[in-house]
Amino acid sequence: MTHTLLIIVIVLASILCMLLRPRGIAEAYWACGGALLLMVTRLLPLRQAGHAVLEGLDVYLFLIGMMVLAELAREGGVFDWVAVIAAQHAKQSQARLFFLIYLAGTITTTLLSNDATAVVLTPAVLAVVRKAKVPPKPYVLACALIANAASFVLPISNPANLVIFAKNMPPLAHWLRTFLLPSVASIAITFVALRFLSRRELSNGLNDPREPAKLSHTGRFALIGLLVACMALLVASLLGFDLGAPTCGAGLFVLLLVSLRDRSMPLKVARSISWSVVPLVAGLFAMVEALQSAGMMRLCLAALNALSNAPRVIGNLGAAFGVGLLSNAMNNLPVGLISGSALKAAHQSAGLAHSVLIGVDLGPNLSVTGSLATILWLIELRRENVEITAWEFLKTGMIVMPLALLASILLLT
């Protein structure tokens, strides 16, 4: 019992510090520090920790591949180009600009993952709204919320999808049959709710940016490479392959193509990538392994069994809102890891697994601590000297998230 309590205290303290970043210490140090402390105190055997870290190989490869693709787009000016085009087509209407930025975020999240929307699209959007001289809040909130709302359109839209399904990832055709309607509902309801809440800020006009929308030769090369990579990943998903290696391979292939024109690109991309994300996720894998050995798995299995015995809709809603709320308390990556392991062990119905995935992906739209993408988004805002407080986000999330999550679960096939 004492060991179990110590494990829970160390893990929760590490996650809390990871989210709050005391003294500005990066998230990866807290995650890895917590895992190391568990090993030093022998609460987590070294062999067990090593096995847990190796289990995340597919996720690490996926993250590296997506970060390479996103940074290529950034270095090539692809996102700046998209944002300027959106501003020009807004025709001096903030409401139209909001819609176009939301659309750009939807496409980016769908094809390049929610982290790309948070880290790369957000600064580009901020640059455009500053030139247009309009308040940034509605537009940056759109970037954060669509990063989670569209993160289950495709398997590649969120690293959490790989964590939950792991080796049992459904083929693309089955995925679309299951999640297309819920995704459309999530995207549409999040847009309508956020648009309503932002109606006053979006009621005025905006300055038409005089800057022409130009894409450099490197940018065009990067854009073509990105489109080819996305097609390759869709084919891999359609065939039911693990997505980590194909994603990493696609990223490196596009980097090689772009480097034929710009030989400095590999160094630029290597310097820009947030490599700390990989050890952060590895530390989370190790801590979740410790939680499972402390009895967390038994609690999850009991909860899943209870939900499976409830009426289908009640069980699905309970699973989605339960993991959604838990994700906001301790971040959706560890919750996804625990939920995925529990689902695998329990052999529960597909409907319950699908509800858990939607809860893990969409639930974090409640608070700034909910997902890795939202935390990265918050870091980008700090770099740009833009402040969205936790309370401001929560006020929006309390309205937007429950409506979108309820509709998505009700539309599950």
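The values are calculated or read from the model by the stated rules, or taken from the named source; none is laboratory data. Only a predicted model underlies this, so the values are computations on that prediction, with no experimental measurement involved. Note: ideal-geometry Cβ built from the backbone for every residue, glycine included; neighbour counts use all protein chains shown. When the accessible area is computed, the model is the full protein with side chains, heavy atoms only, and any ligands, DNA or RNA have been set aside. Shrake-Rupley method; radii C 1.70, N 1.55, O 1.52, S 1.80 Å.
Only residues that are open to solvent by 20 Å² or more (accessible area, probe 1.4 Å) and of a type outside the set (Lys, Arg): list them for segment 125-143, please. Within segment 125-143, Ala127, Pro135, Pro136 meet the criteria. For segment 196-219, residues that are modelled with pLDDT of 75 or more and surrounded by 13 or more Cβ atoms within 10 Å (Cβ to Cβ) total 8. Among the residues making up segment 220-256, those that are buried (at least 16 other Cβ atoms within 10 Å of the Cβ) and of a type in the set (Val, Ile, Thr) are Thr247, Val254. Just so you know, in segment 85-124 the residues that are of a type outside the set (Gly, Ala, Ser) and farther than 27 Å from Leu180 by Cα include one that is surrounded by the fewest Cβ atoms within 10 Å (Cβ to Cβ), and it is Lys91. Checking each residue in segment 298-341 for being of a type in the set (Ser, Thr, Tyr), farther than 16 Å from Leu412 by Cβ and surrounded by fewer than 24 Cβ atoms within 10 Å (Cβ to Cβ) picks out only Ser341.
Listed conditions (1) assigned to a helix (DSSP H, G or I); (2) open to solvent by less than 10 Å² (accessible area, probe 1.4 Å); (3) among the hydroxyl-bearing types (Ser, Thr, Tyr) are all met by Ser151, apart from (1). Total residues in segment 57-70 satisfying the condition of being closer than 14 Å to Val119 by Cα and at pLDDT below 85: the figure is 5. Residue pairs whose Cβ atoms lie under 8 Å apart, sitting 6 or more positions apart in sequence or on different chains, and linking a residue in segment 52-74 that is on the phi < 0 side of the Ramachandran plot and open to solvent by less than 40 Å² (accessible area, probe 1.4 Å) to a partner that is outside any helix (DSSP H, G or I) and hydroxyl-bearing (Ser, Thr, Tyr), are Met66/Ser113; Met67/Ser274; Ala70/Ser113. In the set Leu378, Leu343, only one residue is of a type outside the set (D, E, K, R), within 19 Å of Lys137 (Cα to Cα) and modelled with pLDDT under 85; that residue is Leu378. Each residue in segment 165-180 was checked for being more than 18 Å from Leu405 (Cα to Cα) and of a type in the set (A, V, I, L, M), and 4 pass.
Tallying residues that are buried (at least 17 other Cβ atoms within 10 Å of the Cβ) and over 19 Å from the mean Cα position of the chain (by Cα) within segment 387-408 yields 1. In this structure, Met39 does satisfy being at pLDDT 80 or above, more than 30 Å from Leu197 (Cα to Cα), open to solvent by 50 Å² or more (accessible area, probe 1.4 Å) and not acidic (Asp, Glu). For Leu6, the conditions (1) farther than 30 Å from Phe99 by Cα; (2) open to solvent by less than 20 Å² (accessible area, probe 1.4 Å) all hold with the exception of (2). If you go through segment 257-297 and keep only what is open to solvent by 40 Å² or more (accessible area, probe 1.4 Å), of a type in the set (Gly, Ala, Ser) and farther than 26 Å from Asn158 by Cβ, you end up with Ser264, Ser293.
Pairs only if they're at least six apart or on different chains, beta carbon under 8 angstrom, first in segment 34-48 and closer than 20 Å to Val281 by Cβ, second open to solvent by 80 Å² or more (accessible area, probe 1.4 Å) and outside any loop (DSSP other than H, G, I, E, B); list them, first residue then second. Correct list of pairs: Met39/Leu46.
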